1. Do we have any residue at all in the stretch B:501-510 that's loosely packed, with under 14 Cβ neighbours inside 10 Å, more than 14 Å from every other protein chain (Cβ to nearest Cβ) and either of a type in the set (D, E, K, R) or closer than 30 Å to A:T333 by Cβ (or both)?
2. Would you check if B:G59 is modelled with pLDDT under 85 and closer than 21 Å to B:G17 by Cβ?
3. Suppose the filter is touching a Pro at 6+ places or on another chain (Cβ under 6 Å) and surrounded by fewer than 15 Cβ atoms within 10 Å (Cβ to Cβ); does B:A172 pass it?
4. Can you tell me which residue is nearest to the chain's Cα centre (by Cα) among those in the stretch B:130-154 that are part of a helix (DSSP H, G or I) and without any contact (Cβ under 8 Å) to a residue 40 or more places away in the chain?
5. Would you pick out the residues in the stretch A:282-299 that are under 14 Å from B:D324 (Cβ atoms) and in contact with a Ser or Thr (Cβ under 9 Å, 6 or more places away or on another chain)?
6. Would you call B:I443 more than 9 Å from chain A (Cβ to nearest Cβ) and either of a type in the set (S, T, Y) or surrounded by fewer than 16 Cβ atoms within 10 Å (Cβ to Cβ) (or both)?
Amino acid sequence: MSKRKASISVEELTNGDESPTIIKQEPVTPVKQEPFAKAPIVGLNEDAEKVLNLLQSHGTAGVSDDVIAKCYPELGPQDRVAIINKLVAAGKVGIFNQKGVLVYKAKDPAEGTQIKGSNVEEKTVFTIVKEAGNKGIWIRDIRLKSNLIQTQLNKVLKSLEGKKMIKAVNSVAAGKKKLYMLYDLEPDRSITGGAWYSDQDFESEFVDILNQQCLRFLVMKKEQLADKIYDYGPLEAQTLVSATAQEVLKFISELGISKVNLAEEDIKVILETLFYDGKIEKTLLADGTYSYRAVEMLLPPPGFVKMPCGVCPVIRKCSSVGLVKPKTCEYLTDWLKKESEIF
Amino acid sequence: MTELRNLCVKILKEFFGDVPSQIGSELSWGPKTLPLIKSALKLPLAKVKEGLVVLISNGVAKFEAIKEGLAVQYILLPERVLTLSRIPRYLATIENKLGYESKLLIEEVVKHGTISISQMIIKVAARCQAENPEEEVKVSKLYDDAVKLVFKEYLIRMPAVEDCSGNVPIFANTEENFKLPELNAKNIRAVVKGESSAKLPDHNVVWRLNHRRFDQDLRDEVMISAITKRFDAYAGKLMEILLKLMYERTSPWQSVSNPIPITLIKDTLVKARVKNYLYANIQQYLKVMENDSSRFLSTSIEGPNNITVNVKHAVESITHTLLDHIVAHRFGDKPRRIFRIIRSKKYCEQEQIQKIAMVPDKEAKKYTYKLLEENFIQLTQLSRPAATSGPGINKVFYLFHVNLDAVVQMVIHQCYQALGNAMSRRDHERSENARLIEKKNRIDSFAKSLKEQGQSENEIKEMLEDLMTPPEKTLLENVNSVFEKLSLAEEQLDDTLFILQLFQHFQRDAIKNES
Ligand code: SF4
């Protein structure tokens, strides 16, 4: 993933000019990797292909001989043995012992070529990592599954990384811990954190900008109607100044401040922050979604916080005796000296 | 409670001077008998008695019999002391609603603590005469105003003394708090004109301020201005009408009003000859206000054509906003977001907070712990019993939540402290500049006497010009602006306090009703 740093300043945006796109970012659309390509397999007869398909559809769970027999009653035991042997020989299928029962599992067609030149350990580790898909796997879990000792495992992982067969990814959820997955997989959103993360860093600046811009949009809607507000009833007017997440998304997309393809869900998350800021209200619509509108708070800042004591960090230590006291308090002195009316 | 004690003493000193404040300070530790107060203060008995009379007649202290009537103890009423500093606001509302004369009458009551209606009128008349010697005082107008003040319950009648033979007087037990005594406007006029000095028939029926009534006005103001701020002036007007209609059918300090028919609101507007935008859109306005998260109104259970005013919810919403502002100013916008998340989710895990607040891990933790440290939020530990979560694993959850009552209580105390701080700073500034202030006062009285001798304004100005040096003048200006700023701060602090106390009032009521 390329680096996306919001090199844009907050002022620039709030000026309202449609600023050029500065944030560079490739879309984070999670790539769904099909674990097993469904390409026709040459050199196998129809029956063998049938069986292979069955195995592939079961993925890593594996299929026992009984199941094959059930699915394809036309194949006799002899046929099944012949087919499995053929598939094993072609490297398409592996045989595993699961709790005393033999099961067959289809192998990734790409695997055969990729692991060429690797030793058994590497193969095992590779398989384990591959099974984890794009959610990745902790090194500890690899060790438990592979039964390799730490130093050996480290070596194997390093070697696989060197061959660009697997990669390590930092997870958003758990700080410094590394997750391993196949080299060309796009990490799952739960690991990257989606639109709000770049290289595992939470883009709080980006969130703040979106927060401001969403509010700006809603306030703008209100201001645009301000002159004509009494042409409508208050309820109609309220509907007119409201916007759905979809509309806000459209505005944000057109603003071009984000090259990330934001989804409606992402905007909802941002609108939710505004809701908790107390700056907007939401109304439940008939279709179960919300519409949002900017609102005024019920009170202006109260008198308490307009004088220094209301925001004083040491109020708990302040009394008529002792070091911190109102008679000599610097905060009060500064505030009283200020020419301007603060009220 | 130290903050409250200190503050009370300061207020008492400001309003009534040294002795009553010293007595108040003694009583703030708990009820005391007269000999105990005397020995603690080492003051002559007469002085102590005088001071106690001041406190009691102003309603900031009371007495009760102990030891089966053998002794009397005196009790300070701290909450009442605090309302003293609210009096300027009371006066302003009264002037606003009922005019200048009513304000003068109330002022007279404040000055004396308790007073009879005739005396009230006579004193105000004398004052008007002195202020404006040329004009004849309209006693009948004052009379009407005074009666109106009683009628509107701004004044409350003190119970008559039935028996004062024992140690403690026994008061008549009467429900007639607002019953007018026998009054005679003619007699009063005669006294005002100096034609008679006979004792007026109502001389022993005395009245004091009905604080609750004034507070009700202030509360209405707060609610109306909140609605005006959130919606518009029309909505504010509607709120005003709703409150008026509420009081016609519900006692004013109920949490929820009785249903108010919408047709009645319309009638009120018609009667007031208002056929404007509001009239045309009443239904829509009601809907909008009802749907708002502030929950001032709700449709009544009696059907869609009735509306109820939910005073308790309104006060809660206003208090929420107040606390939000305080958190935002003290800690920042993001802590406010976190504070609001926790409050609306009731119980909330750290992880959940981060997710909704969209604040980086570390920052979110920092803010949450800051709020915790400053007691704006609380932490509860919940452990799930081992049985349900598998053997040996005893999972512990840490949940944040907001204990609103506790937060309100804490902020109230901080307001007390801030108020006390502002007052002691004012005292300090006054004594620092005592010499200058004294000089200014002397010059002023000199100017006044010159004026009385018939000197013209300009001459006086010239003569006095040089009495103060330029640096002195600037200093004086500064001192004055400092005083102004501090008094304004005190007034505004009281606004904050008032809202928080309203909140407590309705919470307390709720507890009472439940039990
Ligand atoms: S007087 Fe000064 S130190 Fe004391 S609470 Fe106020 S601002 Fe803080």
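The values are calculated or read from the model by the stated rules, or taken from the named source; none is laboratory data. Note that the structure is a prediction, hence the values are computed from the model and not measured. No Cβ is skipped: glycine too gets one built from the backbone with ideal geometry, and neighbour counts run over all protein chains shown.
1. yes
2. Spelling it out, B:G59 is indeed modelled with pLDDT under 85 and closer than 21 Å to B:G17 by Cβ.
3. Yes.
4. Looking at the filtered set, the residue picked out is B:F151.
5. A:V295, A:M297, A:L298, A:L299
6. yes
For every residue, the table says whether it meets (1) within 17 Å of A:I270 (Cα to Cα); (2) surrounded by 17 or more Cβ atoms within 10 Å (Cβ to Cβ); (3) over 19 Å from the mean Cα position of the chain (by Cα).
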site	(1), (2), (3)
A:V207	yes, yes, no
A:Q212	yes, no, yes
A:F217	yes, yes, yes
A:K221	no, yes, yes
A:D227	no, no, yes
A:E236	no, no, yes
A:V241	no, yes, yes
A:T244	yes, yes, yes
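Condition check ((1) closer than 20 Å to B:K62 by Cβ; (2) in contact with a helix residue (DSSP H, G or I) (Cβ under 7 Å, 6 or more places away or on another chain)) across all residues:
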position: B:E79; (1), (2): yes, no
position: B:R89; (1), (2): no, yes
position: B:I94; (1), (2): no, yes
position: B:Y100; (1), (2): no, no
position: B:K103; (1), (2): no, yes
position: B:E107; (1), (2): no, yes
position: B:I115; (1), (2): yes, yes
position: B:Q119; (1), (2): no, no
position: B:K123; (1), (2): no, yes
